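The values are calculated or read from the model by the stated rules, or taken from the named source; none is laboratory data. Computed from a predicted model, the values in this text were never measured in an experiment. A quick note on method: Cβ atoms are made from the backbone with ideal geometry, for glycine too, and the neighbour counts reach across all protein chains shown.
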């Protein structure tokens with residue numbers, strides 16, 4: 001195993017609205033024997049979940065494998081073919097970009113598609129074809145994998161979405177009351193909440209993370225340049241009343257709504273793998289079921305599985321998706 005850490009200075013992210021750094025540390029996993037061979041390898045882009053980045057895949061934890069250790073085991077056992085794995089950093093000040101282009105955060109989809117993919121293909125011995133290039137992620141990373149595959153089928157020919165955000169009517173609306181409670185100590189003001197962000201740990205109340213999560217989603221789904229924060233929420237921060245016009249902008253990013261308009265792209269994938277836990281804490285199993293039914297109705301081939309678990313501690317599912325990807329890539 002070899003993991004190279006690339007310090008990549010992104011022209012796309014330079015001068016982004018949140019003032020986040022344009023230079024990102026990006027781990028690249030090279031399979032055993034890479035340096036001794038002249039072979040070319042398929043590539044998997046691994047997208048971290050909300051608040052994570054590429055370096056998160058390297059985190060050493062007791063009784064758990066890092067992603068490079070997992071790949072070494074799968075390749076060494078013959079479960080998957082040797083491959084290169086790229087772990088982008090698309091984290092923002094607010095925790096995540098959803099791997100989208102947004103006027104409030106920056107061009108994170110372009111960063112991956114227009115910068116990273118050509119860079120990796122030029123620097124490493126890749127099989128630079130969509131049939132040999134996959135995008136995989138969990139939670140927000142799963143959402144990113146689905147949307148990047150939908151919108152860029154010329155780049156990614158395979159995708160795996162582990163517990164990705166979908167069916168916003170359930171997965172986000174349930175968080176609105178908690179976000180309201182989190183904003184209340186700040187006079188119900190997003191701007192006041194952000195003024196001291198990220199706040200000392202001892203000042204973070206029980207709804208702090210839920211609040212940050214919805215603000216981050218708003219920065220991705222409903223940017224608005226004339227607002228002090230650069231985005232607007234789809235509800236009134238004092239009454240909680242839903243703002244229908246803004247909510248419709250969120251729904252325009254929901255995979256359940258996007259499937260019909262991107263059906264041809266999804267049909268073109270060599271593999272589209274989806275899963276979720278039956279006890280997902282964010283109710284994403286229901287969105288996954290709605291989405292899988294939508295795919296079936298549209299005649300879009302996919303593989304959907306449910307596991308007995310929740311939203312966390314699900315890295316074991318990568319064994320399933322990576323094996324399926326490896327088998328589907330062909331020669």
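I'd like the full set of residues that are out of contact with any helix residue (DSSP H, G or I) (no Cβ under 7 Å at 6 or more places or on another chain), buried (at least 16 other Cβ atoms within 10 Å of the Cβ) and free of Cβ contacts under 8 Å to residues at least 60 places away in the same chain, limited to the range 296-321.
Residues satisfying the conditions are 309, 310, 320.
Restricting to the range 130-156, what's the tally of residues that are in contact with a strand residue (DSSP E or B) (Cβ under 6 Å, 6 or more places away or on another chain) and either over 17 Å from residue 97 (Cα atoms) or buried (at least 24 other Cβ atoms within 10 Å of the Cβ) (or both)? Full working, then the answer.
Restricting attention to the range 130-156, the residues satisfying the condition of being in contact with a strand residue (DSSP E or B) (Cβ under 6 Å, 6 or more places away or on another chain) are 133-138, 141-142, 144-146, 148-149, 156.
Among the residues that remain, those that are also either over 17 Å from residue 97 (Cα atoms) or buried (at least 24 other Cβ atoms within 10 Å of the Cβ) (or both) are: 133-138, 141-142, 144-146, 149, 156.
The qualifying residues number 13.
Of the conditions (1) in contact with a helix residue (DSSP H, G or I) (Cβ under 7 Å, 6 or more places away or on another chain); (2) free of Cβ contacts under 8 Å to residues at least 60 places away in the same chain; (3) buried (at least 24 other Cβ atoms within 10 Å of the Cβ); (4) more than 20 Å from residue 15 (Cβ to Cβ), residue 66 satisfies every one except a single condition; which number is it?
(3)
State all residues of the range 235-270 that are touching a residue at least 60 places away in the same chain (Cβ under 8 Å), closer than 18 Å to residue 176 by Cβ and under 21 Å from the mean Cα position of the chain (by Cα); if no residue qualifies, say none.
250, 251, 253, 254
Could you grab me the full set of residues in the range 5-19 that are closer than 13 Å to residue 93 by Cβ and buried (at least 20 other Cβ atoms within 10 Å of the Cβ)?
The answer is 13, 16.
In the set 271, 295, which member is within 30 Å of residue 82 (Cα to Cα) and in the same structural domain as residue 145 (by TED's automatic domain parsing)? Quick ask: steps written out before the conclusion?
Values: 295 fails: within 30 Å of residue 82 (Cα to Cα).
That would be 271, the only listed residue that is within 30 Å of residue 82 (Cα to Cα) and in the same structural domain as residue 145 (by TED's automatic domain parsing).
Just give me the residues in the range 93-137 being more than 30 Å from residue 331 (Cα to Cα) and touching a helix residue (DSSP H, G or I) at 6+ places or on another chain (Cβ under 7 Å), in sequence order.
Scanning the range 93-137 gives 94, 95, 96, 97, 98, 100, 101, 102, 104, 105.
Say whether the condition of being within 14 Å of the chain's Cα centre (by Cα), modelled with pLDDT of 95 or more and assigned to a loop (DSSP other than H, G, I, E, B) is met by at least one residue in the range 21-33.
no
Mind checking which residues of the range 222-245 are closer than 19 Å to residue 143 by Cβ and outside any loop (DSSP other than H, G, I, E, B)?
223, 231 - these are the residues of the range 222-245 that are closer than 19 Å to residue 143 by Cβ and outside any loop (DSSP other than H, G, I, E, B).
Look at the range 66-105 and say how many of its residues are over 21 Å from residue 327 (Cβ atoms) and assigned to a loop (DSSP other than H, G, I, E, B).
Looking only at that region, the number is 18.
Scan the range 147-162 and report the pairs whose first residue is farther than 23 Å from residue 314 by Cβ and in the same structural domain as residue 288 (by TED's automatic domain parsing) and whose second residue is assigned to a strand (DSSP E or B) and at pLDDT 95 or above, with Cβ atoms within less than 9 Å and a gap of 6+ or a chain change.
Final answer for the pair search is 152/135; 155/133; 155/135; 157/133; 157/134; 157/271.
Give me a count of the residues in the range 186-207 that are part of a helix (DSSP H, G or I) and at pLDDT below 95.
4
Within the range 45-63, how many residues turn out to be part of a loop (DSSP other than H, G, I, E, B) and without any contact (Cβ under 8 Å) to a residue 60 or more places away in the chain?
Here the count works out to 7.
When the range 280-300 is examined, which residues are found to be assigned to a loop (DSSP other than H, G, I, E, B) and farther than 17 Å from residue 173 by Cβ?
Within the range 280-300, 298, 299, 300 qualify.
With over 27 Å from residue 312 (Cα atoms), buried (at least 22 other Cβ atoms within 10 Å of the Cβ) and in contact (Cβ under 8 Å) with a residue 24 or more places away in the chain as the only criterion, which of 88, 42, 82 stands out?
Of 88, 42, 82, the one residue that is over 27 Å from residue 312 (Cα atoms), buried (at least 22 other Cβ atoms within 10 Å of the Cβ) and in contact (Cβ under 8 Å) with a residue 24 or more places away in the chain is 42.
Does the range 258-279 hold any residues that are out of contact with any strand residue (DSSP E or B) (no Cβ under 8 Å at 6 or more places or on another chain) and in a loop (DSSP other than H, G, I, E, B), and which are they?
Across the range 258-279, the qualifying residues are 259, 268, 279.
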